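Down below is the structure, laid out as structure tokens.
Quick note: the coordinates plus some simple rules give every number you see, no bench work behind them. Keep in mind that what you see is a predicted model, and the values were worked out from it rather than measured. When we count neighbours, we look across all protein chains shown, and the Cβ atoms used for this are built from the backbone with ideal geometry, even at glycine.
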Ligand code: CMP
């Protein structure tokens, strides 16, 4: 079933010039890009985004890292998009991520893991609403959609 997921290229993903690689992988899989923007996040937004980790020992470092440079926010749509993107990203710690995943192929760290993606449909709704208003998320038909259902 078609669903939407929130994906973010983190400062290391942007700084290592991997945004095109991320987009290429999600496009080639058959997902549809329906929203896109770039920003340096405020600490306030970072704390809201990662509020479930507020009591973790790494929370301060996480907020410092995610606000340290530009990030790219995206919404991708497609059948089972949430799980598909999680699988394509790989394990949170790049050292444990399978070869063939974004983190397994491109990263070496836990914190600098290139990309964030929603872990459920409900989380995706919350995260999309944090970064995009309704007019910034587009409904349109791709010419190849009949091959992807
Ligand atoms: P992400 O998928 O964006 O969700 C929370 C982030 O916290 C995670 O990716 C990691 O970048 C980071 N993270 C999780 N666990 C640790 C940890 N033990 N030490 C440092 N960073 C962590």
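Please work out if residue 68 is assigned to a loop (DSSP other than H, G, I, E, B), away from the ligand (no atom under 11 Å from the Cβ) and either on the phi < 0 side of the Ramachandran plot or exposed (fewer than 15 other Cβ atoms within 10 Å of the Cβ) (or both). Yes.
I'd like to know if region 77-86 contains one or more residues that are in a strand (DSSP E or B) and buried (at least 16 other Cβ atoms within 10 Å of the Cβ). Working first, answer last.
To start, the set of residues in region 77-86 that are in a strand (DSSP E or B) comprises 77-79.
Still in the running and buried (at least 16 other Cβ atoms within 10 Å of the Cβ): 77-78.
Yes - at least one qualifying residue is present in region 77-86.
Before we move on, is residue 119 out of contact with any strand residue (DSSP E or B) (no Cβ under 7 Å at 6 or more places or on another chain), part of a loop (DSSP other than H, G, I, E, B) and within 28 Å of residue 147 (Cα to Cα)? The answer is yes for residue 119.
Here residue 18 passes the criteria (1) away from the ligand (no atom under 16 Å from the Cβ); (2) touching a strand residue (DSSP E or B) at 6+ places or on another chain (Cβ under 9 Å) except the one numbered (1). Residues of region 93-106 that are surrounded by 15 or more Cβ atoms within 10 Å (Cβ to Cβ) and either within 24 Å of residue 4 (Cα to Cα) or more than 10 Å from the ligand (Cβ to nearest atom) (or both): 97, 101, 102, 103, 104, 105, 106.
Pairing residues of region 110-132 that are without any contact (Cβ under 8 Å) to a residue 40 or more places away in the chain with residues that are within 10 Å of the ligand (Cβ to nearest atom), at Cβ distances under 7 Å and at least 6 apart in sequence or on separate chains, gives 110/92; 110/93; 119/86. Within region 11-57, no residue satisfies the criterion of being in a loop (DSSP other than H, G, I, E, B), loosely packed, with under 15 Cβ neighbours inside 10 Å and within 14 Å of the chain's Cα centre (by Cα). Is it true that some residue in region 86-105 is touching a strand residue (DSSP E or B) at 6+ places or on another chain (Cβ under 9 Å) and closer than 18 Å to residue 132 by Cβ? No, that holds for no residue.
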